[in-house]
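What follows is calculated from the coordinates using simple rules that are stated; it is not laboratory data. What you are looking at is a predicted structure, and each value in this text was computed from that prediction instead of being measured. When we count neighbours, we look across all protein chains shown, and the Cβ atoms used for this are built from the backbone with ideal geometry, even at glycine.
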Amino acid sequence: MLKWAGGKRRLVPDILAALPREIDTYYEPFVGGGAVFFALAAEGRFQRAVLSDRNSELIQMYAAIRDDVESVIAALSDMRHSEEEYYRIRALRPRTLARKAARIIYLNKTGYNGLYRVNRSGEFNVPFGRQERPNICDADNLRAVAQVLQGVEVLVSDFESVVAGARPGDAVYFDPPYMPVSTTAKFTSYHSEPFGNDEHHRLARLFGDLAARRVAVVLSNSDTKETRALYGSFKPRVVHASRPINSNARARGPVAELLVAANTSRRKGRKASAAGGAASRELVLKEEG
């Protein structure tokens with residue numbers, strides 16, 4: 001549905017290869033644009049799923065599309081592409097979930113480079129973009145997304161509490177705000193609360209705890225000395241992905257990242273879940289730009 005900074009569409013094959021073929025409950029605590037979730041659903045690889053994020057607007061969008069996609073489509077259909085309309089909609093504070101969801105999608109499609117960024121007050125502050133003909137209301141894709149989300153739990157939650165009940169047979173994929181590769185490369189403004197060193201260390205401890213509990217767990221992060229120190233015992237693997245969202249066009253090429261995995265050996269014999277039915281196979285996974 002969204003173009004998301006740090007989105008994993010280009011690394012989906014590597015991440016899916018690291019996750020088990022068969023999963024009881026799939027947890028994704030930093031869901032973002034959901035590329036990994038939708039790819040797993042299309043392959044029918046989990047029985048149930050729990051998606052979460054600290055970004056309440058993002059989670060409300062998922063809930064609105066799951067529960068009332070036609071109202072979201074209707075709200076988007078009333079929105080027009082212009083700079084004046086963009087700033088008018090950016091300033092709105094909708095009350096209904098459907099209109100909140102439509103606002104997020106509209107701003108994502110028409111804002112600068114598809115960026116989602118908020119200030120310390122939690123207010124979206126991305127300027128108007130320069131797309132000529134953005135596809136503001138992709139009704140067919142939204143309906144397909146709504147079908148895949150049926151029965152999926154979506155939560156506004158801290159990453160640690162949402163996986164507290166994870167057990168053997170489940171799988172967790174962590175895609176946190178990345179460890180900065182330099183003092184000038186820091187970008188954690190997806191939410192008004194920062195994600196700094198303390199959070200990265202807490203996440204690393206949780207990763208180790210889940211691994212000890214024999215939960216399948218996979219994590220993506222930047223390739224830095226700090227990240228390697230946190231996850232070195234799990235022998236992280238280097239993968240490369242291009243990054244289309246960067247203020248410097250020359251910095252949008254392949255970037256080295258780390259993929260960390262534990263307890264992800266594949267099991268065989270269970271039937272595909274309902275999430276892998278015809279509706280999810282028909283899902284159109286798109287990323288503009």
Long-range amide H partners of Y116 with built H, under 5 Å:
A5
Got a sec to turn the phi values of the range 165-181 into Karplus ³J(HN,Hα) couplings, 6.51 cos²θ - 1.76 cosθ + 1.60 with θ = phi - 60°, whole Hz, x for Gly and Pro?
x, 5, 9, x, x, 8, 9, 10, 10, 9, 10, x, x, 6, 4, x, 7
Calculated FRET value between R133 and D68, using beta carbons and R₀ = 30 Å, to 0.05
0.65
Please state the charge dipole magnitude for the range 9-112, taken about the Cα centre, from unit charges on C-beta atoms (+1 on K and R, -1 on D and E), reported in debye and rounded to the nearest 20.
280
Could you run the Karplus curve 6.51 cos²θ - 1.76 cosθ + 1.60 with θ = phi - 60° over the range 39-49 and give me ³J(HN,Hα) per residue in whole Hz, x for Gly and Pro?
5, 5, 4, 5, 9, x, 9, 9, 7, 8, 9
Just tell me which aspartates and glutamates come within less than 12 Å, Cα to Cα, of K109; anything on the same chain fewer than 8 places away is out.
E132, D138, E287, E288
A correct Karplus calculation of ³J(HN,Hα) over the range 14-29, with 6.51 cos²θ - 1.76 cosθ + 1.60, θ = phi - 60°, whole Hz and x for Gly and Pro, returns 5, 6, 5, 5, 7, 8, x, 5, 10, 10, 6, 10, 9, 10, 9, x
